[in-house]
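Report on one structure; see the data block that follows.
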Amino acid sequence: MIPGDFQIRKPSRIQVLILGILGIGGLVGAVVGLVLGAFVITAWLGLPLDVFGLNEGPEQPIAFPHTTHVKSLGMDCTFCHRNVTVGAAASVPAVGLCMTCHKTIGDGNEEISKLRDYHSSGLPINWVRVHRVPDHVNFIHEPHIRHFGEKYGGPAGTCQLCHGDVGRMVKVKQVRSLKMGDCVDCHKANDAPTDCTTCHY
């Protein structure tokens, strides 16, 4: 062998094991880093990232088709969300309200069968909440509906400002961050009060 030539040595079992552990550890670390990075970005933006189906909206106990009720049948938001024009919360309809139609409509539909089961058992439907502001924020729907109602054609048009076009959504999902900056910008644009006690008291 000439001086300076390299001799290829086969790595020992321990070296191969250490390299394998380091490789797997690095891969796991990279995946965990990406997941944590995505979590931080979504928390900062206030919305789930719109990739890999992360912002499809949650699975609900009953797959309620807003598309059928709103677009096909022309039902207004206030038919089901009755409290929205008079109170703080929009309110989710009781099972009994749904059953006013679905006692006779929807035979053979699996989701309506689930609805009927809830009704006969007397249990409420545990819907998964989609839109939420922090507990220290006092958001009241009624003044927003009153203020924007004329401009946007009533409650249905007003609801779209924050909730998006729910009537075209197969699954309801969040479309706005609903973070403080979003609300303050809207208040400024519409000459609404921006002092802290408007929303925090």
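Where a number appears in this text, it was derived from the coordinates with a stated rule and is not lab data. Given the structure is predicted, the values throughout are model-derived calculations rather than measurements. Cβ placement follows ideal geometry from the backbone for every residue including glycine, while neighbour counts extend to all protein chains displayed.
Before moving on, here are some points about what is shown:
- In the elastic network of the chain, a GNM with C-alpha springs shorter than 10 Å, the most mobile of CYS77, CYS98, CYS159 is CYS98.
- The string of couplings for segment 146-157 from the Karplus curve (6.51, -1.76, 1.60, θ = phi - 60°) is 5, 5, 8, x, 5, 5, 10, x, x, x, 4, x Hz, one whole number per residue in order, with x for Gly and Pro.
- The GNM of the chain, with springs linking C-alpha atoms under 10 angstrom apart, assigns the highest mean-square fluctuation among ALA89, ALA30, ALA38 to ALA30.
- Residue order for VAL84, VAL40, fewest other beta carbons within 10 angstrom first, comes to VAL40, VAL84.
- Cα shape, segment 67-201, gyration tensor, a/c 1.5 rule: prolate
- Stretching the chain fully between THR42 and LEU19 yields a gain of 4.8 nm (0.36 nm per residue, less the alpha carbon separation).
- Of THR78, THR42, THR104, the one that fluctuates the most in a GNM where the chain has Cα springs shorter than 10 Å: THR104
- Sum of side-chain charges, VAL86 neighbourhood, beta-carbon under 11 Å (Lys, Arg +1; Asp, Glu -1): +1
- Low-density loop cleavage sites - GluC sites (Glu not before Pro) in segment 92-163, where at most 16 other Cβ are within 10 Å (DSSP): GLU150
- Neighbour-count order for TYR201, TYR152, TYR118, fewest beta carbons within 10 angstrom listed first: TYR201, TYR152, TYR118
- Once the Cα-Cα distance is subtracted from the 0.36 nm per residue extended length, the THR104 to PHE79 segment shows a gain of 7.1 nm.
- The chain, relative contact order [Cα under 8 Å, separation at least 6], %: 25 percent
- Helix 110-121 vs. the chain, principal-axis angle (Cα, 0 to 90°, nearest 10): 60 degrees
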